[in-house]
Amino acid sequence: MKVFVIGGNGRVGSLLVTKLASQHQVLSGSRNRKPENNLDNVEQVYIDLLSDVDTIAESMTGVDVVYFVSGSRGKNLLQIDLHGAIKSMQASEKAGVKRYIMLSSIFALQPERWNESFLSTLKDYNIAKHYADLYLTTQTQLDYTILQPGALIEEEGTGKIETNVTNAGSNSIANVVDTLVSVSENNSTIGKVILMQDGNTPIVEALHQIK
């Protein structure tokens, strides 16, 4: 399988690329032209989310799955986190890619909850993620999955999470990455928005519990 990771040099993306490369051919897409690793199954691909849809689509030739894990870290929310994400969806459809997996944010589709916990300081970010998620779920024909974790923390992964969560809990980056990998292997996650946090249920089992 050929997998394209948009945001392949970020905190989540770099680990995701390494995990996926153990099983698949991976295109690591970013604006950084310098390779971040020397894995045999990884090809560095230049992609600029500020460019047009046709240019982005050219990077997706022969791709089976697109992951969008890119983000501007608050520096360009409209053009990267929102419009860049939407252009990557449009490019995926143009290139004939069906499977599209989006890393989002907890409660991004529930504005009434944006004042809870740490989310109260991230309102502009959540607005961007809200409309990107909304576009994906209502305006595309992609076989999508949206993963919405809470706060990302630098801790060792446990391989155990909870889904169908009701509070904005924390998530180790490693657990988020392992969940993203498992999502692509589980067709029952297609068409689902998955809210997650670290927990006590093995990832594969937790994904089967999604309502």
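Within the chain, DSSP assigns beta bridges of which about 15% are antiparallel (rounded to the nearest 5). Taking label points 7 Å from Cα along the Cα-to-Cβ direction, residue 19 and residue 98 give a separation of 2.4 nm. For region 73-82, 3J(HN,Hα) computed residue by residue from phi via the Karplus equation (6.51, -1.76, 1.60; θ = phi - 60°) reads 6, x, 7, 8, 4, 5, 7, 9, 5, 9 Hz, glycine and proline entered as x. A P(r) calculated from all alpha carbon pairs of the chain, with 10 Å bins opening at zero, reads 9, 37, 40, 13, 0 percent. Restricting the calculation to alpha carbons of region 1-67 gives Rg and Dmax of 10.9, 32 angstrom. Trypsin sites (Lys or Arg not before Pro), restricted to region 75-144: which are DSSP loop and have at most 10 other Cβ atoms within 10 Å? Within region 75-144, the qualifying trypsin sites (Lys or Arg not before Pro) (loop, at most 10 other Cβ atoms within 10 Å) are 75.
Ignoring GluC sites (Glu not before Pro) that are buried or in helix or strand per DSSP, and keeping those with at most 11 other beta carbon atoms within 10 Å, what is the longest stretch of the chain between them? Looking at the chain, 1-153 is the longest stretch - no exposed GluC sites (Glu not before Pro) with at most 11 other Cβ atoms within 10 Å. With both labels modelled 7 Å from their Cα along Cα-to-Cβ, the residue 73 to residue 158 distance reads 2.8 nm. Using alpha carbons only, how many angstrom separate the centre of region 1-25 from the centre of region 93-160? Between the Cα centres of region 1-25 and region 93-160 lies a distance of 18 Å. Considering region 140-205 at the alpha-carbon level, its Rg and Dmax are found to be 11.4, 36 Å.
Helical content of the chain, expressed as a calculated mean residue ellipticity at 222 nm, amounts to -9000 deg cm²/dmol (DSSP H runs of 4 or more residues, -39,500 (n - 2.57) each, divided by residue number, nearest 500).
When only C-alpha pairs under 8 Å and at least 6 residues apart count, what is the relative contact order of the chain, in percent? Contact order relative to length: 18 percent.
Only the coordinates and a few stated rules stand behind these numbers; no lab work does. These figures come from a predicted structure and were not determined experimentally. Note that we place each Cβ from the backbone using ideal geometry, even for glycine, and neighbour counts take in every protein chain shown.
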